[in-house]
Amino acid sequence: MSSPAECRILVFASGNGSNFQALVDALAAGNIPNARINRLIVNRGKAYATTRAEKAGIPWEYYNLISHGFQARGETDPEKMQEARNKYDAALAEKVLALDEKTERPHLIVLAGWMYIFGKHFLGPIAEKGIKVINLHPALPGKYDGTHAIDRAYADFQAGKLENNKTGIMVHYVIEAVDQGAPVLVREIECREGESLEQLEERIHSHEHSLIVEATAKIAGEIIASQQAQQ
């Protein structure tokens with residue numbers, strides 16, 4: 001008899017973990033059926049996401065570029081920094097793939113406030129094993145890739161340069177080109193006259209939790225359907 005279809009999810013987070021919590025709550029409420037978060041990895045020692053994981057009974061691990069010896073503290077040489085990132089990425093991929101394939105290895109990785117850019121040494125080995133990786137980014141597809149996306153959209157709005165006066169958020173597949181992977185779900189958010197940057201940020205963040213849950217549920221459903229088709 002074949003085992004029941006299930007989507008195992010590994011979450012990467014760096015800070016407060018509110019998007020991680022949204023996923024935990026959605027799973028508890030049955031809004032992401034036949035799925036579970038089996039692990040959290042953080043790269044900041046004081047990330048509150050770890051407290052959230054402990055309360056939910058989810059195993060977590062701290063793994064850091066500097067603290068775990070990949071890069072010397074204060075290193076400024078670009079070549080050495082890139083070499084360190086490559087080794088860190090490869091080690092993280094190895095860590096993920098070392099999980100038991102039948103019980104613990106994830107089918108889906110969700111970057112939920114993960115403040116680090118993965119390169120080919122992580123994404124390549126993960127993709128080879130068929131593991132999907134998604135990320136939430138506070139901009140529309142093809143707009144404001146990288147850091148300070150909300151700030152840049154707000155500045156363009158103030159200057160009358162923002163297309164249709166709209167920015168937004170998206171969950172997208174992660175590829176080596178930063179924030180340029182195919183979108184999974186997109187939500188437009190209209191900028192308002194007289195609104196401060198802080199107010200816009202608050203409105204955008206208020207949509208993040210629902211979007212990351214919806215996108216995760218969508219992909220988990222596709223993974224489970226694929227498993228069932230193969231049984």
Computed over the stretch 69-168, Kirkwood Rh from alpha-carbon pairs, angstrom: 16.2
Can you pull the accessible area of Thr76 for me, 1.4 Å probe, Å² to the nearest 10? 110
Fraction of antiparallel bridges per DSSP, the chain only, in percent to nearest 5: 40
Karplus ³J(HN,Hα) for the stretch 114-131 (6.51 cos²θ - 1.76 cosθ + 1.60, θ = phi - 60°; Hz, whole; x = Gly/Pro) runs 8, 8, 6, 9, 7, x, 5, 6, 9, 5, x, x, 5, 5, 4, 8, x, 8
Compactness of the chain - radius of gyration and Dmax, Cα, Å: 18.4, 63
Probe 1.4 Å, accessible area per residue of the chain, Å²: 52
The stretch 1-50 and the stretch 166-200 have their Cα centres apart by a whole-number Å value of 22
Please report the carbon-and-sulfur percent of the accessible area for the chain; probe 1.4 Å, protein heavy atoms only, DNA, RNA and ligands left out. 48
For the stretch 136-231, just the Cα set please: Rg and Dmax, both in angstrom. 15.5, 56
Histogram of C-alpha separations across the stretch 173-228, 5 Å bin width, %: 4, 15, 17, 18, 19, 13, 7, 3, 2, 1, 0
Could you sort the peptides 40-52, 199-211 by per-residue average Cβ neighbour count (10 Å cutoff), highest mean leading? 40-52, 199-211
Calculated diffusion of the stretch 81-125, Stokes-Einstein form, Kirkwood radius summed over Cα pairs, 20 °C and 1.002 mPa s, µm²/s: 188
Computed on Cα atoms, the radius of gyration and Dmax of the stretch 1-75 in angstrom are 14.9, 55
One would report the Cα pair-distance distribution of the stretch 145-186, bin width 5 Å, in %, as 6, 22, 23, 22, 18, 8, 2
Using the Cα gyration tensor of the stretch 22-66, with a ≥ b ≥ c the square roots of its eigenvalues, what is the shape: rounded (a/c below 1.5), prolate (a/b larger than b/c) or oblate (neither)? prolate
Can you pull out the GluC sites (Glu not before Pro) in the stretch 81-165 whose DSSP state is coil and whose Cβ has at most 16 other Cβ atoms within 10 Å? Glu101, Glu104
Would you work out if the stretch 50-103 is rounded, prolate or oblate? Take a ≥ b ≥ c from the square roots of the eigenvalues of the alpha-carbon gyration tensor; rounded if a/c is under 1.5, else prolate when a/b is larger than b/c, oblate otherwise. oblate
Answer check: the stretch 119-173, Cα atoms, Kirkwood Rh, Rg/Rh ratio of 1.15
In terms of the Cα gyration tensor, with a ≥ b ≥ c the square roots of its eigenvalues, is the stretch 19-113 rounded because a/c is under 1.5, prolate because a/b exceeds b/c, or oblate? prolate
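The values are calculated or read from the model by the stated rules, or taken from the named source; none is laboratory data. Keep in mind that this is a model prediction, so the values were computed, not measured. No Cβ is skipped: glycine too gets one built from the backbone with ideal geometry, and neighbour counts run over all protein chains shown. Surface accessibility is based on the protein's heavy atoms, side chains included, excluding ligands, DNA and RNA. Shrake-Rupley method; radii C 1.70, N 1.55, O 1.52, S 1.80 Å.
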